[in-house]
Amino acid sequence: LSAPLLPSAPAALRSLPPPVTVGVLHTARLLHTTQQCSAPLPPLPEKGGEVRLGLIPEEFFQFLYPKTGVTGPYMLGTGLLLYLLSKEIYVINHETVAAACILSVIIYGVKKYGSDVAAFADKLNEEKVAKALEVKNETIKDLETAIEQEKKEQWRVEGRSYLFDAKRNNIAMLLETNYRERLLTVYNEVKKRLDYQVAMQNLKRQKEQDHMIQWVEKNVVQSITPQQQKESISKCILDLKALSKSAQAAV
Amino acid sequence: MAGRRAAVRAIDWAAFAERVPPNQRAMYNALKTRSDALSARLAALPEKPPAIDWAYYKAAVAKAGLVDEFQKKFSALKVPEPVDTQTAKIDAQEQEAAKTTAEYVQASKARIAQYEQQLQKLRSMIPFDQMTLEDFYEAFPETRLDKEKYPYWPHKPIADL
């Protein structure tokens, strides 16, 4: 998981040119005068040393302060300048004018647009650093998720006992089912045979009864002679006449 | 009757389902449906078949020794229990699974250690705006430009730009 990640991280970082390290060496920073170096090196200072008039470092003024007070270095500078001019050690010629014009333009430009240019350069730097930082953070996050995933997989694997328990349960259930089915089959077969015997007997008895009834009926019908038939018919007619008389009376 | 019931352990299907990875979910569902079908079948069958009413049959059947013979043979009958052939295989599978699991867990732990190491290195890095180029090359040795192999700028094959 991390192997494809790592080449991408430095590939992104490789495309960035290295950030610009700003600043003049502060005297507080160790110079490499000896072989030993306190690693990691202390970070580079954010700002350069203090200067006055853009040229003269602050340490000079501090150096002269005890002897000459606040105005000392300025007096020194003015005196020096006047000396150079009056003694014509520095000769004023056309180059002086050119220098004055050029310097004034340069100073005007720097004073007006210096901070903007500095901000723009800083922004470029910031973007590079931010991109590198993002890559680093993303790599960290990916590694953490990878670790979590691995732990989760380990936890998952611990549950394998469930699987085998389920399989064994299935087997046990199958065996039990099979056994019960066998018992049931035995019972059903025996019962069927016994029921068959009983049903056979019942059927035989019923058939015998039916046959007997039929035989008795047949004999009775046979035994009715024609003489008896005539007598019974005339009796019926008499009965009917009597009934019809009584029925008429009722209506 | 005592030996036949191999203990049917209650399975926590919910906890089981939690541990199933998403790519094996179909297999888990198949197993579950099969288990449920089996337990339904088991529950539908009575544990013991109903008892046969011998007295009634003795009174009903006319033939003399039939019912007695049936009764004798019935009570003497022993239904054989089905033989368990598969549990041994399951146990063997379980042993194998335990072994592969141990291997996998070990490999996983090695991977975790690797990740942890990289994480440590990344976390203990100095912030980028305090790095010099040398520090950067130390932290990410892959970015170091090989000036011996490619002596001319850009010190790496053009394809890698």
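The values are calculated or read from the model by the stated rules, or taken from the named source; none is laboratory data. Bear in mind the structure is a predicted one, so any value in this text is a computation, not a measurement. Positions of Cβ are backbone-derived with ideal geometry, glycine not excepted, and every protein chain shown enters the neighbour counts.
Looking only at region A:177-221, filter to residues that are at the interface with chain B (Cβ under 8 Å from one of its Cβ atoms) and among the aromatic types (Phe, Trp, Tyr); which one of those is farthest from B:Pro49 (Cα to Cα)?
It comes out as A:Tyr179.
Step by step: first the residues of region B:22-59, then only those that are of a type in the set (Lys, Arg) and over 19 Å from A:Leu184 (Cα atoms), then the one that is surrounded by the most Cβ atoms within 10 Å (Cβ to Cβ). Which residue is that?
My answer is B:Lys32.
Just to verify a result, which residue in region A:108-150, among those that are touching a Ser or Thr at 6+ places or on another chain (Cβ under 8 Å) and among the charged types (D, E, K, R), is farthest from B:Ile112 (Cα to Cα)?
Taking the candidates together, the pick is A:Asp142.
Collect the residues in region B:19-65 that are outside any helix (DSSP H, G or I) and aliphatic (A, V, I, L, M), keeping them in residue-number order. Show your work before the answer.
Looking only at region B:19-65, we keep the residues that are outside any helix (DSSP H, G or I), and these are B:20-21, B:45-53, B:61-65.
Passing the criteria: B:Val20, B:Leu45, B:Ala51, B:Ile52, B:Val61, B:Ala62, B:Ala64.
Out of B:Val79, B:Val83, B:Val105, I need the residue that is outside any helix (DSSP H, G or I), facing another protein chain (nearest Cβ under 7 Å) and out of contact with any Pro (no Cβ under 6 Å at 6 or more places or on another chain). Which one?
Residue meeting the stated conditions: B:Val79.
Just a yes or no: is a residue in region B:118-135 modelled with pLDDT of 90 or more, of a type in the set (Asp, Glu) and closer than 21 Å to A:Lys136 by Cα?
No, that holds for no residue.
Among the residues of region A:139-164, which ones are within 18 Å of the chain's Cα centre (by Cα) and among the hydrophobic types (A, V, I, L, M, F, W, C)?
Scanning region A:139-164 gives A:Ile140, A:Leu143, A:Ala146, A:Ile147, A:Trp155.
Suppose we keep only residues that are of a type in the set (Asp, Glu) and out of contact with any Lys or Arg (no Cβ under 6 Å at 6 or more places or on another chain) within region B:64-89. Which one would you say is surrounded by the fewest Cβ atoms within 10 Å (Cβ to Cβ)? Walk me through how you get there before you give the answer.
Just the residues of region B:64-89 that are of a type in the set (Asp, Glu), to begin with: B:68-69, B:81, B:84.
So of that shortlist, the ones also out of contact with any Lys or Arg (no Cβ under 6 Å at 6 or more places or on another chain) come out as B:68-69, B:84.
Numbers: B:Asp68: 13, B:Glu69: 11, B:Asp84: 14.
The qualifying residue surrounded by the fewest Cβ atoms within 10 Å (Cβ to Cβ) is B:Glu69.
Might you check whether a residue that is modelled with pLDDT of 95 or more, of a type in the set (Phe, Trp, Tyr) and part of a helix (DSSP H, G or I) occurs anywhere in region A:52-61?
No; the residues of region A:52-61 include none that is modelled with pLDDT of 95 or more, of a type in the set (Phe, Trp, Tyr) and part of a helix (DSSP H, G or I).
With respect to B:Asp68, is the statement that it is more than 9 Å from chain A (Cβ to nearest Cβ), within 12 Å of A:Met173 (Cβ to Cβ) and either assigned to a helix (DSSP H, G or I) or more than 54 Å from the chain's Cα centre (by Cα) (or both) true?
no
Looking only at region B:113-132, decide whether some residue is in a helix (DSSP H, G or I), of a type in the set (Gly, Ala, Ser) and exposed (fewer than 15 other Cβ atoms within 10 Å of the Cβ).
Yes; the residues of region B:113-132 include at least one that is in a helix (DSSP H, G or I), of a type in the set (Gly, Ala, Ser) and exposed (fewer than 15 other Cβ atoms within 10 Å of the Cβ).
Only residues in region A:83-108 that are surrounded by 10 or more Cβ atoms within 10 Å (Cβ to Cβ) count as the first member; pair them with residues that are assigned to a loop (DSSP other than H, G, I, E, B), Cβ under 6 angstrom, at least 6 apart or cross-chain, and list the lot.
A:Leu84/A:Tyr90
Can you report the number of residues in region A:82-108 which are in a helix (DSSP H, G or I) and either under 21 Å from A:Lys47 (Cβ atoms) or among the β-branched types (Val, Ile, Thr) (or both)?
6
Kindly indicate whether any position in region A:225-247 is out of contact with any helix residue (DSSP H, G or I) (no Cβ under 8 Å at 6 or more places or on another chain), at pLDDT below 90 and not in a helix (DSSP H, G or I).
Yes, because at least one residue in region A:225-247 is out of contact with any helix residue (DSSP H, G or I) (no Cβ under 8 Å at 6 or more places or on another chain), at pLDDT below 90 and not in a helix (DSSP H, G or I).
Do we have any residue at all in region A:208-220 that's exposed (fewer than 10 other Cβ atoms within 10 Å of the Cβ) and more than 29 Å from B:Val61 (Cα to Cα)? Lay out the reasoning, then the answer.
First, pick out the residues of region A:208-220 that are exposed (fewer than 10 other Cβ atoms within 10 Å of the Cβ): A:219-220.
Pick out the ones that are also more than 29 Å from B:Val61 (Cα to Cα) and you get A:219-220.
Yes, some residue in region A:208-220 is exposed (fewer than 10 other Cβ atoms within 10 Å of the Cβ) and more than 29 Å from B:Val61 (Cα to Cα).
Name the single residue, out of those in region A:156-176 being more than 7 Å from every other protein chain (Cβ to nearest Cβ) and surrounded by fewer than 19 Cβ atoms within 10 Å (Cβ to Cβ), that is nearest to B:Ser75 (Cα to Cα).
A:Ser161
Would you pick out the residues in region B:19-53 that are more than 10 Å from every other protein chain (Cβ to nearest Cβ) and β-branched (Val, Ile, Thr)?
B:Thr33
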